[in-house]
């Protein structure tokens, strides 16, 4: 078990007026042995943040730490303590290699009896070890995603990052893959960052949840607490979009707001980044100019769930996420 920490991470692409800050000063901790769900709409920066951890996106600022040590330094020693399972099971595996060879390729140098280890990993993810010679083209999407998970586990990671791993699968298969993921995480006591745009999926898998909007974390805390009593209006909108649960919580409190397009990520608005779409802000309450002039992230530590909203409730005396940065 290891603790993964994003410390004021920034990722910026391009320069000048066309520059895009995809991740803007994000601090987030994945505690040892727990699952943190990272949720937000497309373009919020979730996958970019994950890619910084495995070296696929360049850091413009901040640090990514594993048990307090720079992840890049750990990787240069010949090990890859973080492994990532990608969204598309059809492009994440080499179609020219057997699944057994793909899994074996990911094992650390010097590993002995690779065939036995491949068989063990296939069995761990619910596949017949006799299929090790099979090529990915003969497998279904769900089976390929199981192989991708086995390949990630072959590297003996301390932290696994799962990036939208069910979004490309049929609905009938998603539940089985999620059950597998949760079972493997508990059995191996892994730390995990689980990325999704689906709050229902995040709720099922995660111990903690962080909500991301336009490159920033706007709310974070224990999953059940955040989803039962969301403090940031964006989180409330996400919860309201999943009416199969918590409907009674929101049905009398969500204000009618004009259908407003998301802000341009190249030029995020001043103050609160959500204010052009927010039912608590000046779009509905004209007197709340504070939302336009002052960044609510500055006082987030004193609010419930560290919500980046000027009108969120104050935090309780015992902050349930005080260990998060």
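Would you call residue 176 surrounded by fewer than 17 Cβ atoms within 10 Å (Cβ to Cβ) and within 23 Å of residue 44 (Cβ to Cβ)? So residue 176 does not fit the description; no.
Output yes when any residue across segment 45-64 is touching a residue at least 60 places away in the same chain (Cβ under 8 Å), farther than 30 Å from residue 132 by Cβ, touching a helix residue (DSSP H, G or I) at 6+ places or on another chain (Cβ under 8 Å) and surrounded by 14 or more Cβ atoms within 10 Å (Cβ to Cβ), and no when none is. The answer is yes; a qualifying residue exists. Of the residues examined, residue 31 is not one that is under 23 Å from residue 149 (Cα atoms) and in contact with a helix residue (DSSP H, G or I) (Cβ under 6 Å, 6 or more places away or on another chain). Of the residues 193, 238, which is in contact (Cβ under 8 Å) with a residue 12 or more places away in the chain and part of a helix (DSSP H, G or I)? Exactly one of 193, 238 is in contact (Cβ under 8 Å) with a residue 12 or more places away in the chain and part of a helix (DSSP H, G or I), namely 238. Those helices (runs of 4 or more DSSP H) of segment 4-108 in which 3 or more residues are more than 21 Å from the chain's Cα centre (by Cα), over 20 Å from residue 201 (Cβ atoms) and at pLDDT below 90 occupy 71-76. The residues listed here are 80, 131, 135, 109; of these, the one that is under 25 Å from residue 171 (Cβ atoms) and surrounded by fewer than 22 Cβ atoms within 10 Å (Cβ to Cβ) is 131. Applying a threshold of 6 Å to beta carbon distances and a minimum spacing of six or more residues, or different chains, the list of pairs starting in segment 308-325 at a residue that is at pLDDT below 60 and ending at one that is not in a loop (DSSP other than H, G, I, E, B) reads 320/222; 321/221; 324/29; 325/27; 325/29.
Within segment 144-169, the set of residues being touching a residue at least 40 places away in the same chain (Cβ under 8 Å), in a helix (DSSP H, G or I) and more than 17 Å from the chain's Cα centre (by Cα) comprises 144, 145, 147, 148, 150, 151, 153, 154.
Residue count for segment 125-142, restricted to those that are in a helix (DSSP H, G or I) and in contact with a helix residue (DSSP H, G or I) (Cβ under 8 Å, 6 or more places away or on another chain): 7. Candidates in segment 264-305 are the residues that are assigned to a loop (DSSP other than H, G, I, E, B) and in contact with a strand residue (DSSP E or B) (Cβ under 7 Å, 6 or more places away or on another chain); of these, the one that is surrounded by the fewest Cβ atoms within 10 Å (Cβ to Cβ) is 266. Any residue that is surrounded by 18 or more Cβ atoms within 10 Å (Cβ to Cβ) and either modelled with pLDDT under 95 or within 25 Å of the chain's Cα centre (by Cα) (or both) - is there at least one of those in segment 244-263? Yes, segment 244-263 contains a residue that is surrounded by 18 or more Cβ atoms within 10 Å (Cβ to Cβ) and either modelled with pLDDT under 95 or within 25 Å of the chain's Cα centre (by Cα) (or both).
Can you tell me which residue is surrounded by the fewest Cβ atoms within 10 Å (Cβ to Cβ) among those in segment 11-44 that are on the phi > 0 side of the Ramachandran plot and without any contact (Cβ under 8 Å) to a residue 40 or more places away in the chain? Per the stated criteria, the residue is 16.
The values are calculated or read from the model by the stated rules, or taken from the named source; none is laboratory data. This one's a predicted model, so the numbers in the text were calculated from it and none came from an experiment. Cβ coordinates were reconstructed from backbone atoms using ideal geometry, including for glycine residues, and neighbour counts include every protein chain displayed.
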